[in-house]
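Down below is the structure, laid out as structure tokens.
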Amino acid sequence: MIRLSGLLLAAILLGLAFGEVHLPPSAILRWDGAAELLIGVIRAPRVAVAVLAGAALGLAGALLQSLLRNPLASPDVLGFTSGAGLGAMLVVALGGGALSITLGAASGGVLAALAVTALSWKSGIVPLRMILVGIGASFTLQAITQFMMTRLTGAEAVEAARWLSGSLAARHWGHAMQIGLCLAVLLPLAALSLRALRLLELGDEVATGLGLHVTRARAGIAALAVALVASAVAVAGPVPFVALLAGPLAVRFGAPMLLGAAVVGAIVTVLADLAARGLIDGVQLPLGVMTGILGAPYLLWMLSREMERGRL
Amino acid sequence: MRLQAKGIDVAYDGRRVIEGLDLTIPDGKVTAIIGPNGCGKSTLLKTLARLIRPTKGQVFLDGQDIHAAHTRDVARKLGLLPQSPLAPEGITVADLIARGRAPWRSILGRWSPADTAARDAALSATGLEALADRPIAALSGGQRQRAWIAMTLAQDTPILLLDEPTTYLDLPHQVDLLRLLGRLNRDSGRTVVSVLHDLGLAARFSDHVIVMSAGKVLAEGPPSEVITTQTLATAFGLEAVVIPDPIANTPLVVPV
């Protein structure tokens, strides 16, 4: 955990110090007007949004992965992220403001979660069915989103496309405040859900024997994960793979699952955003493209490993 | 009597497994539920443990419908060990046992000295003190089963229900485990109810035997009265002679 905190700090400093416009260290130390504009106004809110949205996604992924006892069960694989993306996209298309985009993302995420749960229901939640249905739902929702795009005017479509690819360009402190407030409510709830998760991982029968209301606890934790995804998607767009990667990476580092996943999610997002805007000179890639490049091979590796183990 | 079933029908996977069953579990005794495969004995135990809701009739714990009571209050009175439970990756013996304290802790409540005392008592009752920091995965089958029993002991309930606790264990470990359950009953007056497969072990290590057949209680009572040539023939379709066990004088089943 100490290593992870150090890494997060280093990632934040890197994210502040580097970018498309090169700022010499001497200018940063002098804190002149250029430094203040570049770091204080442009980069700091962007990095803050990356940290908070990344943490929310990482936490949501870890919650769902332990809830369904499957490393593939993350909100992006299950279609929740695409649902939130479509919901927010509809609001963008209708010209809604920040608050209505958040609400759109939340309702899209909740509806996708309910639909995937209902479609995969077989006298209870069956994790594998849910993952397969979720992958299908993801594609469907993305197709609908693409169709919506074709109905927009040129300028709107460009804006929507940038947003949908998961972009942190031009974030201001208002965005950081928005997700900060969401997390202020959701993080304590996540801490409370930890004890229920510890019982659920012993299996439904043992958990019931130990006095846990299993169905209620499951629904509560799933709702919490959807809320986390929606709050991240509302400020950063449907950034793929962060939620999928964070939990297993945190475990690799020997960190506690939930807290570790939040920190790893933040690190991955800040670094991916830094790479997206700085890796190719003069080209600002959207964050989502970067996490996609990082995450897709991981998903393929994970799928093949699960198949080898005969769990898929 | 604290745990009772009255007129219960139970369906499992859409099939009616138990029909019109009445049962009273004797307090402070070691009870074994036996019967042929598919007779509904595990389903009965799960219904008594509130894991399955009967389609008709009720299970009563201390006179209250077990499904009407708060599940946490039930968990303070009734402990449960399902058949072959799965331990999460990397969990240690002490950590597993600590989770048995869940029904006694409030949402924000910290780990208390009472929790430590209960965990340590469970470790020593099961003889696992030396293995407390080992991962469950590194234990032998017998030790692992004792760790799970220790978890239900830490739960500190007057009633303990176990679904085939001796499955997958070799004979010495089966005997070891049933002796442990007998000791828990004698030392603290706990009511212990287990579903068992082995008739000889059930006869030897129980005060009370319930024989099930086709979703009904065929016979119940002390082993010497219940395990007879006639019940074996009716319940299991097994032709056998029953003679007194030369060591404990309990019934010994010799198939013909």
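Let's see how each residue does on (1) farther than 21 Å from A:V235 by Cβ; (2) of a type in the set (S, T, Y); (3) under 15 Å from the mean Cα position of the chain (by Cα); (4) part of a helix (DSSP H, G or I):
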position: A:L13; (1), (2), (3), (4): yes, no, no, yes
position: A:G19; (1), (2), (3), (4): no, no, no, no
position: A:S26; (1), (2), (3), (4): yes, yes, no, yes
position: A:L29; (1), (2), (3), (4): yes, no, no, yes
position: A:L37; (1), (2), (3), (4): yes, no, no, yes
position: A:A48; (1), (2), (3), (4): no, no, yes, yes
position: A:L59; (1), (2), (3), (4): no, no, yes, yes
position: A:N70; (1), (2), (3), (4): yes, no, no, no
position: A:S74; (1), (2), (3), (4): no, yes, yes, no
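The residue that is farthest from A:D204 (Cα to Cα), counting only those in the range B:75-101 that are at the interface with another protein chain (Cβ under 8 Å from one of its Cβ atoms) and part of a loop (DSSP other than H, G, I, E, B), is B:R76.
Would a scan of the range B:42-50 turn up a residue that is in contact (Cβ under 8 Å) with a residue 24 or more places away in the chain, among the basic types (K, R) and within 12 Å of chain A (Cβ to nearest Cβ)? Yes, because at least one residue in the range B:42-50 is in contact (Cβ under 8 Å) with a residue 24 or more places away in the chain, among the basic types (K, R) and within 12 Å of chain A (Cβ to nearest Cβ). Within 14 Å of chain B (Cβ to nearest Cβ) and either under 30 Å from B:R50 (Cβ atoms) or not aliphatic (A, V, I, L, M) (or both), is that true of A:G265? Spelling it out, it is not the case that A:G265 is within 14 Å of chain B (Cβ to nearest Cβ) and either under 30 Å from B:R50 (Cβ atoms) or not aliphatic (A, V, I, L, M) (or both).
Filtered by the rule that a residue be within 14 Å of another protein chain (Cβ to nearest Cβ) and assigned to a loop (DSSP other than H, G, I, E, B), the range B:51-74 gives B:L51, B:I52, B:R53, B:I66, B:H67, B:A68, B:A69, B:H70.
Scanning the range B:78-98 for residues that are closer than 18 Å to B:L44 by Cα and either touching a strand residue (DSSP E or B) at 6+ places or on another chain (Cβ under 7 Å) or buried (at least 19 other Cβ atoms within 10 Å of the Cβ) (or both) yields B:L78, B:G79, B:L80, B:L81, B:P82, B:Q83. Taking the range A:198-211 as the search range and keeping residues that are more than 7 Å from every other protein chain (Cβ to nearest Cβ) and crowded, with 21+ Cβ neighbours inside 10 Å, which one is modelled with the highest pLDDT? In this case the residue turns out to be A:A207. Taking the criterion of being hydrophobic (A, V, I, L, M, F, W, C), in a loop (DSSP other than H, G, I, E, B) and touching a residue at least 24 places away in the same chain (Cβ under 8 Å), the residues of the range B:213-256 that qualify are B:A214, B:I227, B:A248.
Entry remark, the range A:168-192: residues being buried (at least 22 other Cβ atoms within 10 Å of the Cβ) and either among the small types (G, A, S) or facing chain B (nearest Cβ under 10 Å) (or both) number 1 in total.
The values are calculated or read from the model by the stated rules, or taken from the named source; none is laboratory data. On a predicted model such as this, the values are computed, not experimentally measured, just so you know. With ideal geometry, Cβ positions are generated from the backbone for all residues, glycine too; neighbour counts draw on all protein chains shown.
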